[in-house]
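Visitor: Below is one structure. I have some questions about it.
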Amino acid sequence: MASLQEPWLLENGNLKGSSKEMRHGRTAHNMSSSSLRKKSDLTLVSKVKYGMLRHLLANLQEVILGTKLSVLLPAIPLAIAAQSYGFGRPWIFALSLLGLTPLAERVSFLTEQIAYYTGPTVGGLLNATCGNATELIIAIFALWQHKIEVVKYSLLGSILSNLLLVLGTALFCGGIANLGKEQKYDRRQADVNSLLLLLALLCHMLPLLFRISGASASLAAVPTLQLSRASSIVMLVAYITYIIFQLVTHRQLFESQEDSEEDDDDVISEETPVIGLASGIVWLVGMTAVVALLSEYVVGTIEDASESWGLSVSFISIILLPIVGNAAEHAGAVIFAFKNKLDISLGVALGSATQISLFVVPLCVVVAWILGIKMDLNFNLLETGALAISIITTAFTLQDGTSHYLKGLTLLLCYVVIGACFFVSKTPLNNGNVIDLGVSSEVGVIAA
């Protein structure tokens, strides 16, 4: 059987590095997503006589059917058909959001497959960069359509959901499932991520405080924008340093996640790639294009869905988008918590929150700067306050290196309260961020 699979497994020659070395390129995000993958049975495919057809069918089976979320893939053509034939825009939004769920997991799978051929360092950099590709693509399309509020809300929601919902659910379920065991994790990784999150919080709070302390909103608009752009550059430098810290200088701090996975029989072994390098790149480009298409649908129909469902855009962007869009990695984090592997669960939640805070958000500010769009880091008082409480609460929760279900329940209850806050908030989309957009008005001056 191995010999029959060899043509597509070794499509681009021999693999580089040992399996242990290649695992260094994996991130907690990849390990979390791998818990939702299923082993493909290539028995029938191997009987196909024609090599190219056999290779194509094997790739289709691995990429399309190699996930437990493949049941959601029909939502993709349904969303495209709904857009093409003019169906209700709320339906387009819902179908596009469902279609993004398996695509996010498949992008993670494909980046990991490519990483096997590029070596551990380049592979780790690729995995870290593409870890939150869905959020980044949605944000870029929202920026392109000048929907700055949607960009801020969606990215804020991703941070809050990772810190409170994902981490809270993981700690709660892990504590309930392991009542007779003491759950421990590597506190050093949590300390590093908490420190970086506090840096990101400072960069978010200063533009808000600067605007509030100013005598006039119109006079403070330009300095606030300049401060935000300078802070974004600082955050990008911090993120690059974090990547070097994680992949080069202090790699040993993050290897415990990988070693803890080795004895897990329920997770599919990824020691050898199942598709070739060229195939992986082609599939990744194709998947990214589909993600971009669905992201455009989501951004274009979010206001119609808000009006139809009676929910504010802030609630949909902060609560619904992150929950549905990142369901794959969220479920994986909870599964590993059930197995008392909190290092991986924490790596998913904290790593993703850190990446969005220090990379995706400042990158959006820089991209908006290039496009001539005035986007700053002032997320308004309510949103920034929720972010601050979430980061500080998470830092206190993880300070002792042990966990129990009460910690997880506390984080979940914090998320419920914040969700209720944005649920009852009915601020119009174009009026809720007057300060953010630097628009001078009497309402903005009074609010400041």
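Visitor: Could you look through the range 226-271, keep only residues that are open to solvent by 40 Å² or more (accessible area, probe 1.4 Å) and among the acidic types (Asp, Glu), and pick out the one that is modelled with the highest pLDDT?
Guide: Only one residue tops the list, namely GLU255.
Visitor: Mind listing whichever residues of the range 77-93 are touching a helix residue (DSSP H, G or I) at 6+ places or on another chain (Cβ under 9 Å) and either over 14 Å from LEU293 (Cα atoms) or in a loop (DSSP other than H, G, I, E, B) (or both)?
Guide: Answer for the range 77-93, where residues must be touching a helix residue (DSSP H, G or I) at 6+ places or on another chain (Cβ under 9 Å) and either over 14 Å from LEU293 (Cα atoms) or in a loop (DSSP other than H, G, I, E, B) (or both): PHE87, GLY88, ARG89, PRO90, TRP91.
Visitor: Name the single residue that is surrounded by the fewest Cβ atoms within 10 Å (Cβ to Cβ) among those in the range 172-189 being touching a Gly at 6+ places or on another chain (Cβ under 8 Å) and assigned to a helix (DSSP H, G or I). Steps first, answer last, please.
Guide: Filtering the range 172-189 down to residues touching a Gly at 6+ places or on another chain (Cβ under 8 Å) leaves 172-175, 183-187, 189.
If we keep only those that are assigned to a helix (DSSP H, G or I) too, we end up with 172-175, 187, 189.
On the way: PHE172: 22, CYS173: 18, GLY174: 28, GLY175: 21, ARG187: 15, GLN189: 22.
Selected residue: ARG187.
Visitor: Right, something else. Could you count how many residues in the range 109-140 are under 23 Å from LEU155 (Cβ atoms) and at pLDDT 80 or above?
Guide: Final tally of qualifying residues: 9.
Visitor: Then there's this: Six or more apart or on different chains, Cβ atoms under 8 Å: show the pairs whose first residue is in the range 397-418 and on the phi > 0 side of the Ramachandran plot and whose second is buried (at least 16 other Cβ atoms within 10 Å of the Cβ) and of a type outside the set (S, T, N, Q).
Guide: Pairs that qualify, where the first residue is on the phi > 0 side of the Ramachandran plot and the partner is buried (at least 16 other Cβ atoms within 10 Å of the Cβ) and of a type outside the set (S, T, N, Q), are GLY401/TYR185; GLY401/ASP186; GLY401/ALA190.
Visitor: Separate question: Would you point out the residue of the range 330-345, among those that are closer than 18 Å to SER108 by Cα and open to solvent by less than 10 Å² (accessible area, probe 1.4 Å), that is farthest from the chain's Cα centre (by Cα)? Quick ask: steps written out before the conclusion?
Guide: Filtering the range 330-345 down to residues closer than 18 Å to SER108 by Cα leaves 330-336, 344-345.
Of the ones still in play, those that are also open to solvent by less than 10 Å² (accessible area, probe 1.4 Å) are 332-333, 336, 344-345.
Values: GLY332: 13, ALA333: 13, PHE336: 18, ILE344: 15, SER345: 14 Å.
Residue satisfying both the conditions and the ranking: PHE336.
Visitor: Being within 24 Å of ALA331 (Cα to Cα), at pLDDT 90 or above and out of contact with any strand residue (DSSP E or B) (no Cβ under 8 Å at 6 or more places or on another chain) is the requirement here; does SER158 meet it? Steps first, please.
Guide: On the way: within 24 Å of ALA331 (Cα to Cα): yes; at pLDDT 90 or above: yes; out of contact with any strand residue (DSSP E or B) (no Cβ under 8 Å at 6 or more places or on another chain): yes.
Yes: the conditions hold for SER158.
Visitor: Now for a separate question. In the range 353-390, what residues are part of a helix (DSSP H, G or I), open to solvent by 10 Å² or more (accessible area, probe 1.4 Å) and in contact (Cβ under 8 Å) with a residue 60 or more places away in the chain?
Guide: Scanning the range 353-390 gives GLN355, PHE359, LEU363, VAL366, VAL367, TRP369, LEU371, LEU381, GLU383, ALA386, ALA388.
Visitor: Given (1) open to solvent by 50 Å² or more (accessible area, probe 1.4 Å); (2) at pLDDT below 50, where does SER441 come up short, assuming only one miss?
Guide: Going through (1) open to solvent by 50 Å² or more (accessible area, probe 1.4 Å); (2) at pLDDT below 50 one by one, SER441 breaks only (1).
The values are calculated or read from the model by the stated rules, or taken from the named source; none is laboratory data. Computed from a predicted model, the values in this text were never measured in an experiment. For neighbour counting, all protein chains shown are included, and Cβ atoms are generated from backbone atoms with ideal geometry for every residue, glycine included. Heavy atoms of the whole protein, side chains included, go into the accessibility calculation; ligands, DNA and RNA do not. Shrake-Rupley method; radii C 1.70, N 1.55, O 1.52, S 1.80 Å.
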